[in-house]
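The structure appears below as structure tokens.
Read-outs throughout are calculated quantities, based only on the coordinates presented, and are distinct from any laboratory measurement. Quick caveat: nothing in here was measured; it's all calculated off a predicted structure. Glycine gets a Cβ as well: all are built from the backbone with ideal geometry, and neighbour counts include every protein chain shown.
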Amino acid sequence: MIDTEVSLAGVTLRNPVMVASGTFGSGEEYSEFVDLGRLGAVVTKGVASVPWPGNPTPRIVETRSGMLNAIGLQNPGVELFCKRDLRRLQQTDTRVIVNVCGRTTEDYLAVVERLGDEPRVDMLEINISCPNVREGGIAFGQDPKAVEEITRRVKEKAKQPVIMKLSPNVTDITETAKAAEAGGADALSLVNTFTGMKIDVWKRTFALANRTGGLSGPAIHPLAVRMVYETARAVRLPLIGMGGIETAEDALEMILAGATAIAVGTANFYRPTATLEIIDGIRDYMERTDTAKLTDLIGAVH
């Protein structure tokens with residue numbers, strides 16, 4: 001018997017494969033390609049207290065082995081999200097993790113409180129790569145003190161387990177990981193996108209209207225694996241590893257490095273069934289290596 005179940009802060013997932021926020025809509029958008037019930041969890045795109053229009057276009061550009069995006073967390077706001085997107089997920093037999101974004105601590109808390117009584121929400125993922133307007137636009141996730149403070153404030157209000165999503169755009173990701181743990185986080189997800197830039201040399205202009213964007217895709221995978229490995233040895237929290245995962249082998253690297261679960265992001269755009277292929281690939285690996293429990297693989301690199 002192959003047992004692929006994992007537990008994140010007391011929430012059981014049938015397998016460790018979920019989707020990365022912002023790459024899968026809120027699930028319904030991919031339901032024609034993917035049986036959502038086979039996933040470990042659906043992670044929704046970011047939800048704010050009020051609708052966000054996002055950044056001007058162009059806001060996505062392909063790069064070598066990846067892509068840059070500067071969507072700007074466009075979303076309809078928490079009220080419409082609850083009435084429309086959560087309702088669509090009512091009949092889906094999988095875990096639902098809602099990604100929460102905001103520009104101030106109060107923004108985050110408003111969403112967290114609103115989602116507190118929604119039974120369809122199993123966990124919250126807090127996107128702390130958002131700029132803190134009151135602190136001059138520095139992202140919450142780049143300042144360990146801010147990470148600890150917002151984690152603590154969110155935990156005071158949250159009724160669901162809290163996952164803090166860490167930014168890789170720091171000198172030492174273990175410092176922000178430790179800060180989130182000190183603030184009471186139940187789990188961590190890492191990594192978010194790396195800040196990058198692309199210039200059109202023929203037009204002599206920026207490829208993105210925002211000038212910079214978040215780099216994702218296979219190009220960042222080795223960096224993400226290293227950060228997961230380091231973080232797994234710095235904190236005692238369960239980790240969700242992400243960053244350039246395309247195949248079951250990529251996912252297994254993250255798990256062996258110390259991740260309890262993994263999230264597939266950019267691959268969803270060009271191979272919508274990537275998550276299902278990864279689920280099957282993990283099972284095949286376990287059968288071929290006589291691994292009965294997936295949990296035996298977590299952090300097993302030597």
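Structure summary
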read-out: Debye equation applied to the C-alpha atoms of the chain, log10 I(q)/I(0) at 0.10, 0.15 Å⁻¹; value: -0.49, -1.19
read-out: Gyration tensor (Cα) of the range 1-77, equivalent ellipsoid semi-axes in angstrom; value: 29, 16, 12
read-out: Percent RCO, i.e. relative contact order, over the chain, from Cα pairs under 8 Å lying at least 6 residues apart; value: 20
read-out: Among Pro272, Ala234, Thr193 the positive-end extreme of the charge dipole of the range 151-297 (Cβ point charges); value: Thr193
read-out: Distance (nanometres) between label positions extended 7 Å along Cα→Cβ at Gln74 and Asp117; value: 3.3
read-out: Entries in Lys45/Lys157; Lys45/Lys145; Lys145/Lys198 that, when Cα-Cα distance is taken, lie over 29 Å; value: Lys145/Lys198
read-out: Taking the convex hull of Cα positions in the range 66-161, its mean projected area over all directions (nm²); value: 7.3
read-out: Hypothetical label at Glu32: residues of the range 258-278 whose amide nitrogen lies under 16 Å (7 Å Cα-Cβ projection); value: 269-273
